[in-house]
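Written below as structure tokens is the structure these notes are about.
Read the figures in this text as sums done on the coordinates, not as results from a lab. None of these values were measured; they are calculated from a predicted model. Cβ placement follows ideal geometry from the backbone for every residue including glycine, while neighbour counts extend to all protein chains displayed.
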Amino acid sequence: MVLEDYMVNTCEIKRKLGVDEDTLTLEWGPVETVKCFYYGDVKYKREKEGMAFVDGKHYLLVDTVNVGDIINGQTVQIVNNIPEFDGRTVLYDVITWV
């Protein structure tokens, strides 16, 4: 199935490379522009100090994305793999929230 035809938006991704040993700060790769599809929703988040509703955003991509990467200025919190019927991963559902 050709999912790239449905990717009508573009997203900017900065991939987390690791931690700089000298300064102990995160290192990021160059900004990549990829095709994606995104939509917003409201998430119910539970933390130690209480519960809250947060404004979340789902990004659907065919490129690999990891937790901790930055997409459109927001840190990736959750990555769900959506497989094809034969088991190949063809779509990534990336969730961010503020």
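Details
- Here Arg15, Arg88 are placed in order of increasing Cβ neighbour count within 10 Å, fewest first, which gives Arg88, Arg15.
- Within the shell defined by Cβ-Cβ distances under 12 Å, the residues around Val67 carry a net charge of +1, with Lys and Arg each +1 and Asp and Glu each -1.
- One entry in (i) 1.02; (ii) 0.96; (iii) 1.72 is Rg/Rh (Cα atoms, Kirkwood Rh) calculated from the shown coordinates; its label is (i).
- Formal net charge of residues neighbouring Trp28 (Cβ-Cβ distance under 15 Å; K, R +1; D, E -1): -2
- Neighbour counting of Cβ atoms within 10 Å sorts the residues Cys11, Cys36, fewest neighbours leading, into Cys11, Cys36.
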